[in-house]
Amino acid sequence: MSYRLNHDCTDRPHTTARDADASRPPREPGQGEQGDAGSDAAPGGPVLSRRTLALGAAGVVALGVAIGLRLSSCSHHSDDDPQPDNGDSSDASGNPSSQFSGGAIPVGDDGTLTVAIDPGHGGDDSGTEESGLVEADICWTVANYCVGYLEDHGVTVVLTRGRTTNPTLEDRTQVAVNAGADALLSVHINYNDQDPGLSGVTVYRPTDQTSYLEQTTTVPATALANNVIGELTAIGLNSNGAVSQELYIDPNDATQAKYAYPGDTSNVSDYYAMVRWPRKYGIPAVLVEHAFLSNEGDRELLSDDGFLKKMGEADARAILETAGYTGTL
Ligand SMILES: [Zn+2]
């Protein structure tokens with residue numbers, strides 16, 4: 001995109017005044033983002049509580065650049081191979097009772113679809129904020145409408161976090177891995193303090209500049225991204241497209257090697273951690289910036305619970321379509 005990323009949906013070090021106020025220590029490899037008890041522990045089981053709202057704290061607007069990204073260590077996973085790339089892009093369930101057939105997102109062998117929905121902010125990370133609207137609150141609401149719609153259509157869904165907790169991005173991914181998620185969708189709301197005219201949805205999908213697990217991640221996630229764009233524009237949002245955000249790795253800088261995919265010799269990775277971490281484990285993932293809190297028209301939509309429901313259900317329909325859902329939406 002031509003505009004500057006100014007929304008902190010990555011796992012890079014926090015340098016904003018808000019984070020300084022929060023006295024959050026820089027995250028060290030292997031250390032949980034919050035330094036709180038349990039943050040280093042293995043992520044808990046599926047979080048299935050729904051439709052619980054709570055107000056977040058002050059928002060954050062951060063300037064995003066690729067260089068300087070940091071990542072909590074994946075040392076306790078570094079010996080693990082990601083899910084094998086079996087090149088299987090079909091339903092493959094062979095289950096005659098399956099409601100899924102021939103989708104870009106392959107469903108499980110039992111014919112069921114398992115999806116991880118990631119509310120992008122929560123706990124002491126409230127995301128961005130404008131005119132009393134807080135990204136974390138909106139993300140939680142949209143995510144749970146999405147969950148409800150998916151569950152009503154027979155999908156097994158796991159939320160990657162609770163409303164009041166802020167696990168690391170790796171831990172949130174691990175929840176998806178543990179649940180056997182066939183896909184992950186991360187829910188965000190955008191902000192741009194340079195151009196309040198920017199509006200609408202942007203979907204970030206894995207880059208195709210590296211072939212790492214391309215068939216099991218990039219290909220299905222790109223199909224999902226395009227369907228998300230289609231569904232969200234159908235409810236009236238402007239489209240900024242389905243795009244990838246590359247992270248270029250300096251091969252001479254050993255500290256950047258951790259961003260590379262296992263065994264991948266290219267100097268390119270994915271900028272957004274909730275695209276990069278799932279990809280590492282073979283899960284197709286997209287990060288959806290639904291609309292701009294910095295745009296007056298979008299803000300009006302985002303202040304309407306009925307529209308948040310439309311957005312969550314649009315996300316859900318996109319997932320179902322991409323998985324080849326054969327029922328009625
Ligand atoms: Zn966000």
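The values are calculated or read from the model by the stated rules, or taken from the named source; none is laboratory data. Bear in mind the structure is a predicted one, so any value in this text is a computation, not a measurement. Every residue, glycine among them, receives a Cβ derived from its backbone with ideal geometry; neighbour counts consider all protein chains shown.
Results, tabulated for the structure shown:
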{"item": "Residue in segment 204-220 that is within 16 Å of the ligand (Cβ to nearest atom) and not in a loop (DSSP other than H, G, I, E, B) present", "result": "yes"}
{"item": "Residue match in segment 104-112 (condition: β-branched (Val, Ile, Thr), within 16 Å of the ligand (Cβ to nearest atom), buried (at least 21 other Cβ atoms within 10 Å of the Cβ) and modelled with pLDDT of 95 or more)", "result": "no"}
{"item": "Counted residues, segment 224-251 - those being part of a helix (DSSP H, G or I) and more than 20 Å from LYS280 (Cβ to Cβ)", "result": "9"}
{"item": "In segment 257-280, residue nearest to the ligand (Cβ to nearest atom) [restricted to those that are within 14 Å of the chain's Cα centre (by Cα) and over 16 Å from ILE117 (Cα atoms)]", "result": "TYR271"}
{"item": "ASP182, sole failed condition from (1) within 16 Å of the ligand (Cβ to nearest atom); (2) touching a Ser or Thr at 6+ places or on another chain (Cβ under 8 Å)", "result": "(1)"}
{"item": "Segment 136-158, residues that are touching a residue at least 40 places away in the same chain (Cβ under 8 Å) and away from the ligand (no atom under 16 Å from the Cβ)", "result": "ASN144, TYR145, VAL147, GLY148, TYR149, LEU150, HIS153, GLY154, VAL155, THR156, VAL157, VAL158"}
{"item": "Yes/no for PHE307 being under 20 Å from TRP140 (Cβ atoms) and either of a type in the set (Val, Ile, Thr) or surrounded by fewer than 22 Cβ atoms within 10 Å (Cβ to Cβ) (or both)", "result": "yes"}
{"item": "Test: residue in segment 122-129 that is away from the ligand (no atom under 15 Å from the Cβ) and buried (at least 24 other Cβ atoms within 10 Å of the Cβ)", "result": "no"}
{"item": "Long-range neighbours under 8 Å by Cβ, at least six apart or interchain, first residue more than 16 Å from CYS146 (Cα to Cα) and without any contact (Cβ under 8 Å) to a residue 60 or more places away in the chain within segment 110-135, second of a type in the set (Val, Ile, Thr) and more than 11 Å from the ligand (Cβ to nearest atom)", "result": "THR112/VAL155; THR112/THR156"}
{"item": "Residues located in segment 284-329, provided they are closer than 23 Å to ASN95 by Cβ and free of Cβ contacts under 8 Å to residues at least 24 places away in the same chain", "result": "THR328"}
